[in-house]
Amino acid sequence: MASTPGPAKRPEFRNIHVTQILSYRLPPAGLVSILHRISGLLLFALLPFVIWLFDNSLSSEISYETFTSAFAFGIGAMPAWFIKLVALALIWSYLHHFIAGLRHLWMDVTHSVSKAQGHNSALVTLASSLLLTLALGAKLFGLY
């Protein structure tokens with residue numbers, strides 16, 4: 001009597017473990033998606049700082065001087081470089097969130113859902129947000 005082979009072994013898929021996160025190769029579209037969420041969180045978390053910046057820049061001449069001196073000399077225990085880094089994080093958050101949002105709108109309008117389109121538009125999003133952040137960061141830190 002011949003025995004019949006058992007059912008074929010199905011592939012087993014497991015979630016990655018926390019220790020594997022750094023070695024996991026995420027595609028550019030996945031990286032843009034995660035960074036889009038992080039930038040939205042940063043925009044929300046830095047909203048009090050944005051309101052303070054806006055209020056101090058428009059209230060009066062004295063408050064505008066306080067605003068500009070914060071970037072030159074710091075505020076209290078916070079040095080100026082730290083305030084500039086927070087502003088740089090805000091600049092990156094805004095630029096990345098805006099450009100990634102435009103990417104999503106463009107994909108929705110044109111129905112561009114191919115793997116190549118997603119890959120290429122993700123690379124453009126990453127490159128443009130980083131280049132614009134570097135240019136504005138250089139201005140913020142007084143390089144030009």
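Quick note: the coordinates plus some simple rules give every number you see, no bench work behind them. Note that the structure is a prediction, hence the values are computed from the model and not measured. Positions of Cβ are backbone-derived with ideal geometry, glycine not excepted, and every protein chain shown enters the neighbour counts.
The lysines whose alpha-carbon is closer than 24 Å to the alpha-carbon of LYS139, local same-chain residues fewer than 8 away aside, are LYS84. The alpha carbon centroids of region 28-78 and region 103-144 are separated by 21 Å. Relative to the longest principal axis of the Cα atoms of the chain, the long axis of helix 61-73 lies at roughly 60 degrees.
I'd like to compare 120-126, 34-40, 90-96, 137-143: which one has the highest average count of other Cβ atoms within 10 Å, and what's the full order after that? If you can, show how the numbers build up before the last one.
On the way: 120-126: 17.9, 34-40: 16.1, 90-96: 20.7, 137-143: 12.7.
Going by the mean number of other Cβ atoms within 10 Å, highest first, we get 90-96, 120-126, 34-40, 137-143.
3J(HN,Hα) couplings calculated from phi for region 9-15 with the Karplus curve 6.51 cos²θ - 1.76 cosθ + 1.60 (θ = phi - 60°) are, in sequence order, 6, 7, x, 10, 10, 10, 6 Hz; Gly and Pro show x.
The dipole here belongs to region 27-140: it is taken about the Cα centre, uses +1 on the Cβ of Lys and Arg and -1 on the Cβ of Asp and Glu, and is about 440 debye. Helix 47-58 and the long axis of the chain differ in direction by around 30°, with both axes built from C-alpha atoms. Backbone amide hydrogens, once placed in the peptide plane, bring GLY74 within less than 5 Å of ALA80, excluding anything fewer than 5 places away on its chain.
Residues in region 91-96 carry Karplus couplings, in order, of 4, 4, 4, 5, 4, 5 Hz; the curve used is 6.51 cos²θ - 1.76 cosθ + 1.60 with θ = phi - 60°, and Gly or Pro positions show x. The calculated 222 nm mean residue ellipticity attributable to helices in the chain amounts to -24000 deg cm²/dmol, summing -39500 (n - 2.57) over DSSP H runs of n ≥ 4 and dividing by all residues. Using the Karplus relation 6.51 cos²θ - 1.76 cosθ + 1.60 with θ = phi - 60°, the per-residue 3J(HN,Hα) values for region 118-128 come to x, 5, 5, 5, 5, 5, 5, 4, 4, 5, 5 Hz, with x marking Gly and Pro.
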